[in-house]
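Q: The structure that follows is given in the form of structure tokens.
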Amino acid sequence: MKKLDYKLDDFIPTGMYGKLPFWLAVKPEARWKTLKEFVEEAKKSRAKLMVGSYGKLTAADFLIELLNKNAGIKLTNVPFKSSLNH
């Protein structure tokens, strides 16, 4: 993306357009059983945890960035090919 002269924090929400459910899912054998455990490990280990989504610049991508910001972590988004981006 090209460098912009504004950032997300420069905007305020004015209303809600819609609601969509989003999930953070892990394999049943994963060591995290809750979002809290996942975030705690991301903070402690400073490991580069990766999460998959259905594409860059999608609602999922923005939610991952929102989680990063609000939780004080840095997850790496790995966009997978989907019906939205082929």
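The values are calculated or read from the model by the stated rules, or taken from the named source; none is laboratory data. Treat the numbers as computed from the prediction; the structure is a model and nothing was measured. Glycine gets a Cβ as well: all are built from the backbone with ideal geometry, and neighbour counts include every protein chain shown. Areas reflect the complete protein model, heavy atoms only, side chains present, ligands, DNA and RNA absent. Shrake-Rupley method; radii C 1.70, N 1.55, O 1.52, S 1.80 Å.
Q: Is one or more of the residues making up segment 56-76 touching a Leu at 6+ places or on another chain (Cβ under 9 Å), open to solvent by 40 Å² or more (accessible area, probe 1.4 Å) and of a type in the set (Val, Ile, Thr)?
A: Checked against the condition, which is being touching a Leu at 6+ places or on another chain (Cβ under 9 Å), open to solvent by 40 Å² or more (accessible area, probe 1.4 Å) and of a type in the set (Val, Ile, Thr), segment 56-76 yields at least one hit.
Q: Let me ask something else. For the subset of segment 34-55 comprising residues that are under 19 Å from residue 21 (Cβ atoms) and in contact with a strand residue (DSSP E or B) (Cβ under 9 Å, 6 or more places away or on another chain), which member is most open to solvent (accessible area, probe 1.4 Å)?
A: Start the filter on segment 34-55 by keeping residues that are under 19 Å from residue 21 (Cβ atoms), which leaves 34-35, 38, 51-55.
When the remaining residues are screened for being in contact with a strand residue (DSSP E or B) (Cβ under 9 Å, 6 or more places away or on another chain), the result is 51-55.
Details: 51: 18, 52: 53, 53: 13, 54: 70, 55: 1 Å².
By that ranking, first place goes to 54.
Q: May I pose another question? Looking only at segment 17-33, which residues are surrounded by 10 or more Cβ atoms within 10 Å (Cβ to Cβ) and at pLDDT 90 or above?
A: 30, 32, 33
Q: Okay, moving on. Could you figure out which of (1) within 16 Å of residue 71 (Cα to Cα); (2) without any contact (Cβ under 8 Å) to a residue 12 or more places away in the chain; (3) among the small types (Gly, Ala, Ser) isn't true of residue 42?
A: That leaves (2) as the condition not met.
Q: Here is a list of conditions, (1) out of contact with any helix residue (DSSP H, G or I) (no Cβ under 9 Å at 6 or more places or on another chain); (2) part of a loop (DSSP other than H, G, I, E, B), and residue 41 meets all of them except one; can you say which number that is?
A: The one condition residue 41 does not meet is (2).
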